[in-house]
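Structure record follows, encoded as structure tokens.
Laboratory data are not the source of any read-out in this text; all were calculated from the coordinates shown. Keep in mind that this is a model prediction, so the values were computed, not measured. Because the Cβ atoms are built from the backbone with ideal geometry, glycine has one as well, and the counts that use them run over all protein chains shown.
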Amino acid sequence: MDIFWNLGWFFKRHWLRYLGCVVCLVMIALVELYPPRLVGELVDAIQSGSFTSDILAETVGLIVAVGVAVFILRNGWRLLLFGGALELGRVIRLRLFHHLTRMSPGFYQRHKTGDLMAHATNDIRSVEASAAEGVLTLVDSVVAGTAVVGAMIWVCGWEMTVVALLPFPVMAFLISRYSAQLHKRFRESQEAFSNLNNRVQESVSGIRAVRAHYLGSAQMDRFAKQSNVVTETNMKVARVDALFDPTISMTVAFSMLGSLGFGAWRIQHGAMSVGELTTFVVYLSMMIWPMFAFGWLFNIVERGSASLKRINKLLAEQPDVKDNAADNQERLDGDIRFVSQGFEYPGSGTAALKEFDLTIRKGSFVGISGRTGGGKTSLLRLLLRQHDAKGVEVTIGGQRNDSVSLDALHSRFALVAQEPFLFSASISENIAFGKPGATQEEIEEVARLACIHDDILNFKDGYETQLGEKGVNLSGGQKQRITIARALLIDADYLLLDDAFCSLDMKTEAFILDQLLNSNRPRTLILITQRLTNLQLADQVVVMDKGEITEQGSHKALLAQQGWYANIFKRQANAIAAGLDPEAADLEGMKQVAHINGAASDAK
Amino acid sequence: MQNNDMTNQVTQKQRFMRLLRYGLPYKGLFIISMVMMLLATGAGLYAPVVMKTFIDDHVVPGNWDHKAMMILGCIFITMYIIDAVLSWFQTMTFQKVALAVVHDIRRQVFNHLFRLPMAYFDREPVGRLVSRVTNDTETIRDLFVQALPQTLSSVVTLTGVVIAMFLLDQTLALYCVAIMPLVFLSIYLYRRFSKPVFHTSRAVLSDINTRINESIQGMAVVQALRQQKRVSEQFEDLNLKYKRVQTRLVMINALLRPTVHMSSAFALAFMVQGFAGPALVGPVEVGLLYAFINYLDRMFEPLTQVSMQMQVWQQAVVSSERVFELLDEEPEPAYEHLEHKPFKEGSIEFRDVELSYDGKNKALDGISFKAEPGQFIALVGHTGSGKSSVMNLLMRFYQHQKGEILIDGQPLASISESQLRQQLGLVFQEPFIFHGSVAENIHLYQSSQCKTDIQQAAECVQADRFIEQLPDTYDEVLGERGQSLSTGEKQLLSFARTMAQDPRILLLDEATANIDSETEQAIKEALFSLRQGRTTLAIAHRLTTIEDADLIMVMDKGKIVQRGTHTQLVNQPGLYRDMHEAQHNQLEIQEQLAS
């Protein structure tokens, strides 16, 4: 029940709405007691012979009037209560979304997308249900239940009432037992279903492998087995679920039998009239809903509480990276310097970065390479404050990167991440994602720089082509080039490319890099890459391994060192040239390669 | 418009009949269930008549015959017990049928997926297909286990109540039934008005979910580009839109749902009028009033039920439409039944083969070549030049339009499915790891393979080294898509898989991904051992790996533009030599720099 307390802020804010709703429900409970009483009096009037057509007209008229009144009251509470729940859902959904926009990458590593989605859909729905059906069942079970019992005692006395209600506690006990069982079995069936889902997911996404390895019938067998498990667990749910109705109707039967038997005895002894018995029996049937509502209430509230707890827990999470200097909008500029005393990701147990001191000159082109897990991407993460840099001091132009607001910090960088991510929107909206007001000319200019303009024009709707689920699927290379265009459009002074060319062929890669290096726009360029040929033009190459800087210097100097860099460069010499993926074999590509090579020779 | 609606209704009816046809194998159980339902309903409806006798024959006239009254009481309770017990068994029988039907539909949909041409999977996103097999069949399940039995029992109860009323007292029954048109009208109106709103609301909800999902996945981008505020605002627009649509649904509900209740009040008023009117002129039976009040309750219960099940019906019809759409997709020709003719040699021949995926552009144009048994043939060319299409045709993933493909001189289409899959070993560019143990991923559920076979296969391709490092070695369970393994390890695992399969023909799609140099060496050696004694067709991205090929085919725009051995190709002008020269230049410069 604590959910009503925890949602208190909402009820308080909309107190008038909920007051109106409760008033409606209470009035319905009271007004509905009237018709059975009218019928009983009518029966007594007939029995005693004092029945007239006036009494009949009055009774019928009043029953109709009550029907209409209840209709209007029901309209009222439905609008108020369900309307309120929708507003609550909206507010929580927005709050959750807003919260998500504030969370750092660490948060998204801890929580799976599916999990977060469950919060935003199922959990919000069950909180809504608590604020709608929950309130309804609470008020109805308490108010309507009390009203009916009160009316029963008032009409026929407490003895009759006790006899009639004897079977009800038994029912309440049984129903609560069933509910607990049902809950457990339902969860099992959900689990079985989710396994089935995974099975299908695997078969469909690996359809080529399934076919190539002739696994069709094996997959069908596994699926049939899992589908059987689903059927069995569903059957187990049904076995309990099917008990509810018979139990209720048996309760009503025993209650009815008891009250009629006892009622007959009282009538025999002149303690009660036939009309009163009629009224009583109708009241008895009105007890079913409040009892039912009571059982339902616990179910709804239990689920709602769990959901609200989950949502609140999520909302209570603070961003890993605090925006301490949120008001400082100062523009940082100058050399970037990392002074590392060692850094490890929370809970990882091993150091992602060890001790080093690295300076990246403003306006230079710096290449970073090394084995996976060497700490290259971590450098960028700490620079952008995606993680709290305990143990690493990052300064830009001598000022710590946490001395300004996150917003001001991010405004200085354009990042192209390893995994290209695009939104379900048009291509031009995607390119202009970081600069919503950009003109078509600006968009096309960066698209040309990123070598994607021609590809885009080849789509049916050009720049207006929709991407994502309802639109076109792009190749990995196309996606990557669009993210490059997107980063170029925001025109930041520091361009960070995290393995941003890995899906591109050499020719395109060389072309883009060449454009970037030879443009009039002075930029600091940090390029993380596995393809060392890219780094022949770099002002500085940094090789990282296991969190340490193992080699550092110009391309030439590193080749002379005969270390990892020289070794891999030679190995790639064989591979790349060949690996010159066939695409680069045409003449245009040759020129680009020659160009880079020429530049490298010049640099020498 | 009217016409459209009509045809729409007709197809909806057909669709529904088609759904019901899945129940045919279970019609025996279904009939038993229906008989139980009729008996239970009859017993339940007879109980109030017993009580009526109790009141009218004993209580009202003051005839206190205790023995007769006890008997009536016993009959009353017995009726309820019969009702309760039969209802439970009836429900269980029905559930059994319903769940079996859903199981059948599900299996049919899932199995049908494997018969569809590969082009279908290129067209349909994975998520959508998964949803067809699981979520849509789940909605159909709701129809079978919930809406259908509820509706049936509602119809039976309603009919039973009306019959019982007419048997007891015709005039009174007429008064009660008079209210029915109002109820049906309100249900009709409810359907009419809620349906379009309901559809919009689902569409908006799905937009919202898509938006949240996408924002979660792309939050790093949103934050890096500082668009948190704009994205939040866009979300709020959708959120508000959803609330507005839902509010309309609430309003329709608020207006039309309580009409059933109001109708029941009116029915009571009518009945009182009908009951008490005659009392002005003569005696009436109070017990009759009891019975009718009881029946009235039962009469409105099924009506509320039916209106509540309406949404389930609507959703099930939409879902079945989607499911049937999938089931009606034309399957590929079946190769399962073909005669099992083992390959002896493993030669491959393409004769003037033409392939188009879309019917307009040719992906392959006049491809002819022959690979003699044991030869090593390499395909090189740009992305989109047609290399993969050659593989796709050989794997029978797609159907070519012109020409002939022969394996050991037999047309590809005459080779049985199991034979083809057994003898053609495809090594994927990105190997797919199944959920299961390492051993299962190697033997792929071929029960004929024992543990030593598996280990041998792994050793041959040097996969044993990393497998031995795993905590549970060969029994280590690999999660979804083998996330715990590196790209190189996945490659090696898939080599072991092919080694265990021991095919006559090897199809290699070389990986382009960056793999650390140690693993790369292992992969190179593994590929060499894989090739031994097999006809090999390889898509090469690294030219160094194919210098010893018996034949290299250079592809461009769906055609083979050059063919020959490495030495031959290097000595003639063309694409291949350009590539080779580039390689040469590159090496020279690098050596220069290194010195």
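Overall, the protein assembly as shown carries a charge dipole of about 1620 debye about its Cα centre when +1 sits on the Cβ of Lys and Arg and -1 on the Cβ of Asp and Glu, all other atoms neutral.
When the charge dipole of chain A is built from unit charges on Cβ atoms (+1 for Lys and Arg, -1 for Asp and Glu) and taken about the Cα centre, the candidate among A:V394, A:L30, A:S424 whose Cα reaches farthest toward its positive end is A:V394. Rounded to the nearest 10 degrees, the inclination of helix A:15-31 to the longest alpha-carbon principal axis of chain A is 30 degrees.
When only the Cβ of Lys, Arg, Asp and Glu is charged (+1, +1, -1, -1), the dipole of chain B relative to its Cα centre reaches about 2280 debye. Annotation: extensible slack from B:M92 through B:K402 equals 105.9 nm (criterion: 0.36 nm per residue apart, minus Cα-Cα distance).
Straightening the chain between A:W15 and A:E58 buys 11.6 nm, computed as 0.36 nm per residue apart minus the Cα-Cα spacing. Prolate is the label for the protein assembly as shown, because the ratio a/c of its alpha-carbon gyration tensor axes (a ≥ b ≥ c) is 1.5 or higher and a/b is greater than b/c. Given the options B:G436, B:V183, A:L353, identify the residue whose Cα lies farthest towards the positive end of the charge dipole of the protein assembly as shown (+1 on Cβ of Lys, Arg; -1 on Cβ of Asp, Glu). Comparing the listed Cα positions along the dipole, B:V183 ranks first.
Classify the stretch A:118-199 as rounded, prolate or oblate, taking a ≥ b ≥ c as the square roots of the eigenvalues of its Cα gyration tensor: rounded when a/c is under 1.5, otherwise prolate if a/b is larger than b/c and oblate if not. Oblate, because a/c is 1.5 or more while a/b does not exceed b/c.
Net length available on complete extension from A:R125 to A:E317 is 67.0 nm, with 0.36 nm assigned per residue and the Cα-Cα distance removed. Dipole of chain B (Lys/Arg Cβ +1, Asp/Glu Cβ -1, origin at the Cα centre): which of B:G287, B:S529, B:T159 lies farthest to the positive side? About the Cα centre, the residue reaching furthest to the positive side is B:G287.
Estimated from the Cβ-Cβ distance and a Förster radius of 41 angstrom, the FRET efficiency linking B:N361 and B:R230 is about 0.55. Taken along the Cα-to-beta-carbon direction at a fixed 7 Å, the label points for B:L240 and B:Q14 span 4.5 nm.
A crude spin-label estimate for the pair B:M308 and A:A425, with each label 7 Å from Cα along the Cβ direction, gives 4.4 nm. Taking each DSSP H run with n ≥ 4 as -39500 (n - 2.57) and averaging over every residue of chain A yields -20000 deg cm²/dmol at 222 nm.
Approximating the spin labels as points 7 Å out from Cα along Cα→Cβ, the A:V162-to-B:L189 distance works out to 4.9 nm. Suppose R0 equals 60 Å; then what is the FRET efficiency for B:H66 and A:M1 from their Cβ-Cβ distance, rounded to the nearest 0.05? For R0 = 60 Å, the calculated efficiency reads 0.80. Two tests apply to each whole DSSP H helix in chain B, Cα reach of 20 Å or more along its axis and mean Kyte-Doolittle hydropathy of at least -1.0, and the ones passing both are B:27-53, B:66-113, B:148-168, B:180-217, B:228-256, B:258-276, B:286-327, B:487-501, B:517-531.
For the stretch B:367-475, the Cβ-based charge dipole about the Cα centre amounts to some 560 debye (Lys, Arg positive; Asp, Glu negative; other atoms uncharged).
What's the FRET efficiency of A:R177 with A:Y34 using the Cβ-Cβ distance as r and R₀ = 35 Å, to the nearest 0.05? According to the calculation, E is roughly 0.45.
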